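Have a look at the structure below before the remarks.
Taken together, the values in this text are just the output of simple stated rules run on the coordinates, not laboratory data. Since we're looking at a predicted model, the values are computed, not measured. Here the Cβ is made from the backbone with ideal geometry for all residues, glycine too, and neighbour counts use every protein chain on show.
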Amino acid sequence: MTIKMISVLAFIGLIGICISCHHNSVDATIAASRPTKVEVLDSLKHPWSIAFISDEDVLITEKDGDLLRVDLSTGARVIIRGFPTDLVDSIRVKDFRDNSGIFEVVLHPQFMDNQWVYISYAAESEQGSTTRIIRATLQSDSLTEIVEIFTALPYRHDLFHYGGGMVFGQDGKLYATIGERFYNEMDQPDLPVAQDVTDPRGKIYRWNEDGSIPDDNPILAEGALPGIYAMGIRASQGITLNPSDDKIWFSEHGSVQGDELNMLSPGANYGWPVTTSGKYRNSSYQPPQLNIKNERQPVYTWLQTVAPTGLCFYNGYEFPTWRGDLLVAGLSRGSLWRIRIEENTPVSVEELFVNDRVRARKVSMSPGERLYLLTDEVNGKLLEIVNRP
């Protein structure tokens with residue numbers, strides 16, 4: 001068994017490093033920042049994602065509810081009609097591990113012209129559930145002209161690791177994460193699904209806006225399913241574009257620790273479950289010995305479980321010393337992380353709100369450069385993070 005060598009050793013000795021575990025050590029570059037949470041909305045049912053039509057007009061997905069259109073200036077909200085009827089969520093399924101529901105919503109880069117939205121969700125059949133991605137036209141408060149972009153067959157009765165993160169790259173292509181769906185590694189087939197190029201699970205995909213395959217997509221191996229851009233993924237949810245250099249970053253859930261931050265590379269293999277920076281749920285699991293080609297190590301791994309989810313690069317001015325930093329929300333212990341990136345390498349890591357924890361699902365920037373956080377709760381909230389010196 002090969003264990004990924006995390007880059008912590010490389011960080012030792014770097015000036016200004018600040019890695020928080022149970023408490024913060026704040027460096028001088030952020031001393032003037034006093035982030036404060038301001039409640040904008042409540043009564044959201046485990047919200048998962050937010051898409052900004054404008055600074056005030058937003059779409060919010062509820063993992064245990066609906067797709068909402070919300071006016072942030074008034075708080076008025078409407079349920080978007082016409083959502084596919086094969087949606088399954090954890091209101092109906094009572095399992096503490098259940099991750100089903102509506103996941104990401106993203107707007108097409110030319111949304112104002114075509115009104116196209118892309119949505120990932122847990123779709124069900126008699127055989128179980130799986131991750132499905134659709135494109136629809138948003139007409140006021142209704143979805144019309146729904147087109148299936150991708151369905152990650154087969155259906156399974158497992159209720160976790162759907163993935164569902166989506167982002168448009170600077171190239172105009174849609175990138176999406178699909179989880180490998182196993183809770184315990186002992187349930188893996190002899191060739192783990194994330195290492196099987198003929199299995200759609202445990203991969204990151206890249207499509208044209210209509211779901212067709214770009215001509216310049218990598219070919220990972222003979223017989224690989226079309227659309228696969230990278231593989232070796234366990235349970236990635238968050239994926240985002242760095243507007244400063246157009247590179248795509250994604251977060252990855254480990255099993256026991258092993259949470260990762262990765263930079264997306266075409267044709268890359270991120271190793272799961274053959275290699276991991278954490279441990280396996282079942283200590284007796286022995287991964288197969290495979291010759292992994294084009295393996296990529298994580299850019300950063302946490303020393304504790306943070307369950308990283310939706311992430312974004314900060315491009316606002318309210319926190320001027322944060323510009324260009326990566327913000328990562330975490331479910332475990334209600335964490336929110338600020339990571340200073342230099343030459344695609346984390347050089348300092350700060351945990352925010354250590355005395356005001358809330359289970360965090362996604363951190364996002366609005367078109368007007370305002371910073372928002374969605375909380376993953378029964379009474380979920382949309383919080384704006386403002387600077388109160």
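The loop-placed GluC sites (Glu not before Pro) in the range 317-389, going by DSSP, that have at most 11 neighbouring Cβ atoms within 10 Å of their Cβ come out as E343. Extension gain, S43 to E126: 0.36 nm times the residue separation minus the Cα-Cα distance gives 26.7 nm.
A cut-off of 5 Å between modelled amide H atoms, ignoring neighbours fewer than 5 places along the same chain, links V40 with L382, L383, E384. Summarising the label geometry, the points placed 7 Å from Cα in the beta-carbon direction at L303 and R281 lie 2.7 nm from one another. Each principal axis of the Cα cloud of the range 305-378 was evaluated for its coordinate range; sorted largest first, these ranges are 35, 28, 20 Å. Which listed residue (G202, S255, T131) has the Cα farthest towards the positive end of the charge dipole for the chain, taking +1 on Lys and Arg C-beta and -1 on Asp and Glu C-beta about the Cα centre? Positive-end residue among those listed: S255.
Shown in residue order for the range 154-160 are the 3J(HN,Hα) couplings computed by the Karplus curve 6.51 cos²θ - 1.76 cosθ + 1.60 at θ = phi - 60°: x, 5, 9, 8, 6, 10, 8 Hz (x for Gly and Pro).
Charges were assigned to the Cβ only: +1 to each Lys and Arg, -1 to each Asp and Glu. The resulting dipole of the chain about its Cα centre is roughly 940 debye. Near the amide H of E104, within less than 5 Å, lie the amide hydrogens of S120, all on another chain or at least 5 residues away, with H placed in the peptide plane. Computed about the Cα centre, the dipole magnitude for the range 60-148 is approximately 140 debye when only Lys and Arg (+1) and Asp and Glu (-1) carry charge, each at its Cβ. Evaluating 6.51 cos²θ - 1.76 cosθ + 1.60 at θ = phi - 60° for every residue in the range 374-385, the Karplus couplings come out as 9, 9, 8, 9, 4, 9, x, 10, 9, 10, 9, 9 Hz, glycine and proline recorded as x.
For the range 69-151, the list of GluC sites (Glu not before Pro) that fall in a loop by DSSP and count at most 16 other C-beta atoms within 10 angstrom reads E126.
Residues in the range 260-265 carry Karplus couplings, in order, of 10, 10, 10, 10, 6, 10 Hz; the curve used is 6.51 cos²θ - 1.76 cosθ + 1.60 with θ = phi - 60°, and Gly or Pro positions show x. Candidates T375, L225, W302 compared by Cα position along the dipole of the chain: farthest toward the positive end lies W302, with charges placed on Cβ. Can you give the extra length, in nm with one decimal, that the chain gains between T321 and D356 once fully stretched, where that is 0.36 nm per residue apart less the Cα-Cα distance? Length gained, T321 through D356: 10.4 nm.
Gyration tensor analysis over the Cα atoms of the chain returns equivalent ellipsoid semi-axes of 28, 28, 20 Å (largest first, whole Å).
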